[in-house]
Amino acid sequence: MLRSVISIILLSCAVASGAAGAAPTGEDAAWFEPVRLGVALGAGAEASIARLETRWNLKNDLWATSSQSVRVRLGLEASVGGWNPHGDNSNLMGDLGFTPIFRVQGAGRSGLFAEIGAGMHLLSRARISDSKVFSTAFQFGDRIAAGYRFGDALDSELAVRFQHYSNAGIKEPNPGINFYMLQYSASF
């Protein structure tokens, strides 16, 4: 079990570093668009959450229609955040995450988009509160989101997101936790 988790983490790191190291050189060789910085706030039945997020979107589409009216993009997000659990004997806890995100969007700088993603998160502890205990601090984070790109000077985006954390059955108990979130991000 622990070997599987470590293998997943090492494989993800190898893929990310390999992609960065294999980038071509030259003026138009950048693989990623300018970095996006964002904040996400949310709440669920057992806790509230706040996260700072950094995202690198690939410069090229994974797929697009011939008119580029529908485009599929890939982004890589690193996040750090805190959970404020509800209930007795609960204190602020940390969340460190890495998530690949697939996005469907239209052409142009502004418009609607939809996203899905599944990534890895390491929590500062497995005990959320007296009534909510995970068996592992390692969790998978699945998300689905919808939002709007404003096309302004900062390339601002606003999105609503459903986020689910669980250990995917690595170890029992696996109660999971859900958050409904609001996210703002901009390019720098």
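The values are calculated or read from the model by the stated rules, or taken from the named source; none is laboratory data. Note that the structure is a prediction, hence the values are computed from the model and not measured. Cβ coordinates were reconstructed from backbone atoms using ideal geometry, including for glycine residues, and neighbour counts include every protein chain displayed. Please note that ligands, DNA and RNA were not included when accessible areas were found on the heavy atoms of the full protein model with its side chains. Shrake-Rupley method; radii C 1.70, N 1.55, O 1.52, S 1.80 Å.
Per the conditions (1) of a type outside the set (A, V, I, L, M); (2) more than 22 Å from His86 (Cα to Cα); (3) part of a strand (DSSP E or B), the sole criterion not satisfied by His164 is (2). Inside segment 94-115, can you point out the residues that are surrounded by 13 or more Cβ atoms within 10 Å (Cβ to Cβ) and among the charged types (D, E, K, R)? Across segment 94-115, the qualifying residues are Asp95, Arg103, Glu115. One residue stands out in segment 133-149 among those that are part of a strand (DSSP E or B) and open to solvent by 20 Å² or more (accessible area, probe 1.4 Å): the one that is farthest from Pro85 (Cα to Cα), namely Tyr148.
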